[in-house]
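Read-outs: derived from the displayed coordinates by stated rules, not from any lab. Computed from a predicted structure; not experimentally measured. Positions of Cβ are backbone-derived with ideal geometry, glycine not excepted, and every protein chain shown enters the neighbour counts.
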Amino acid sequence: MKILVTGGAGYIGSHTVLTLLEQGHEVEVVDNFDNSSPESIRRVEQLTGRSVVLHEMDLREEERLTALFAEGGYDAVIHFAGLKAVGESVEKPTLYYGTNLESTLSLLRAMTASATRTIVFSSSATVYGDQAPVPNVETYEPLVATNPYGQTKVMIERILTDLAASDDAWRVGLLRYYNPVGAHPSGQIGEDPQGIPNNLTPFISQVAVGLREHLTVYGDDYDTPDGTGHRDYIHVMDLAEGHVAALDHLAATPGIGARAWNLGTGTSSSVLEVVAAFERASGVEIKRVVGPRRGGDLTYSYSDPSRAESELGWRATRTLDEMMADLWRWQSQNPRGYRG
Ligand code: UD1
């Protein structure tokens, strides 16, 4: 298939582009490099020996995007592009709703003007909010996220679901990611956050290379065995493979409409278990202090991944130790990420 990947230079995007190329698909990327670097795509090309057409473009440039679709002949789109920092979204809600919704609507209008009717969307477990029981199942409603970033995911799922209901030519996959971590086993591509990382594992790996003084553990008084929060960490390569499985399923299933799949492992690990796994993988001790809880954090978040297994034939196979070994390979070989 010929696939257009929006936000393809980012963390999950670049690993997915690599996986698509390895499985023989043709890939083009649209990215404005707002929070990513073209270097990731250059490295994907080196790793795969395949080339990727890169369009530096903001999705809101609707005329350019429409022209791209008119010529592109894409079989499907994978839509990663968007802003994703929870804290910033609380500070700047109009930036988040504006960017994520306007770019998605522009993309969907450009698709509508073309013949492309298949799209896989980068959603998040954040759509389950703080009321859904764990493990999360896809049938749970109502979807209400606890912050503007998460609400953009809820709203875009809704828009895509309504679009699919309007015309049965549309085939829509809504992929609800848990916590993607790790890197390609080559250590050549990985997560490259700008500024101070918001997420746990890039923070840990930056402490390990001396870029940060210590990790702050956000609360050790949760109702869990060691008192720290539990998440469903999933290797980014498993996640990337989940996208290809979803695309294959959509391609084989006319009339499917919109369908959601959780992409997680089905198990959870605590903050301290992740730190211990990283220390084992790297041999580096991570300095840490216990701080207060972070607002909005859940005690437990993990998936029921059985729908993805039965319908997509996909399941996550890589262990937490592999996730941390691959993270360490990336961080130790690229202490300052793609900026060298
Ligand atoms: C966060 C977002 C989620 C988003 C996801 C991907 C929140 C509340 N949720 O998920 O909406 O989809 O990132 O970007 O922000 N932790 C520490 N110290 C740190 C960082 C994290 O102890 O410096 C802990 C957290 O309290 C949590 C776990 O590590 O228990 C994972 O945190 P994080 O990596 O930020 O992911 P989520 O909060 O699950």
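Here are some notes:
- The label-point distance for THR317 and GLU45, in a model that sets each label 7 Å from Cα toward Cβ, rounds to 3.1 nm.
- Residue-wise HN-Hα coupling along region 32-49, computed from phi with Karplus coefficients 6.51, -1.76, 1.60 (Hz; x: Gly, Pro): 9, 6, 5, 9, 7, 9, x, 4, 4, 6, 4, 6, 4, 5, 5, 5, 9, x
- Net length gained if the chain between ARG64 and VAL90 were fully extended (0.36 nm per residue, minus Cα distance): 6.3 nm
- Applying D = kT/(6 pi eta Rh) to the chain, where Rh is the Kirkwood radius over alpha-carbon pairs, T corresponds to 4 °C and eta to 1.567 mPa s, the Stokes-Einstein value obtained is 64 µm²/s.
- For a label point 7 Å along the Cα-to-beta-carbon line of THR139, residues of region 257-277 with backbone N under 18 Å: 258-263
- Approximate shape of region 106-206 as ellipsoid semi-axes (Cα gyration tensor, √5λ), whole Å, largest first: 29, 20, 13
- In the chain, helical runs assigned H by DSSP with n ≥ 4 each contribute -39500 (n - 2.57); averaged across all residues and rounded to the nearest 500, the mean residue ellipticity at 222 nm is -12000 deg cm²/dmol.
- In this structure, the amide hydrogen of SER124, modeled 1.01 Å from its nitrogen in the peptide plane, lies closer than 5 angstrom to those of TYR177, counting only residues at least 5 positions away or on a different chain.
- The modelled label-to-label distance between PHE33 and ARG109, using points 7 Å beyond Cα along the C-beta direction, is 2.7 nm.
- 26 Å Cα cut-off, lysine pairs counted over the chain (separation 8 or more, or different chains): 4
- In order along region 180-197, the phi-based Karplus estimate (6.51 cos²θ - 1.76 cosθ + 1.60, θ = phi - 60°) of 3J(HN,Hα) comes to x, 9, x, 7, 4, x, 5, x, 8, 10, x, 7, 10, x, 7, x, 6, x Hz; Gly and Pro are listed as x.
- Close amide H partners of SER303, meaning residues 5 or more places away or on another chain with modelled amide H under 5 Å apart, are ASN136, THR265, GLY266, THR267.
- Per-residue Karplus couplings for region 244-249, computed as 6.51 cos²θ - 1.76 cosθ + 1.60 with θ equal to phi - 60°, are listed in order as 5, 4, 5, 4, 4, 5 Hz, Gly and Pro entered as x.
- In plain terms, the chain from SER186 to THR253 could stretch by 20.7 nm, reckoned as 0.36 nm per residue minus the Cα-Cα distance.
- By the count of other C-beta atoms within 10 Å, a proxy for reagent exposure, ARG64, ARG176, ARG339 are ordered fewest to most as ARG339, ARG64, ARG176.
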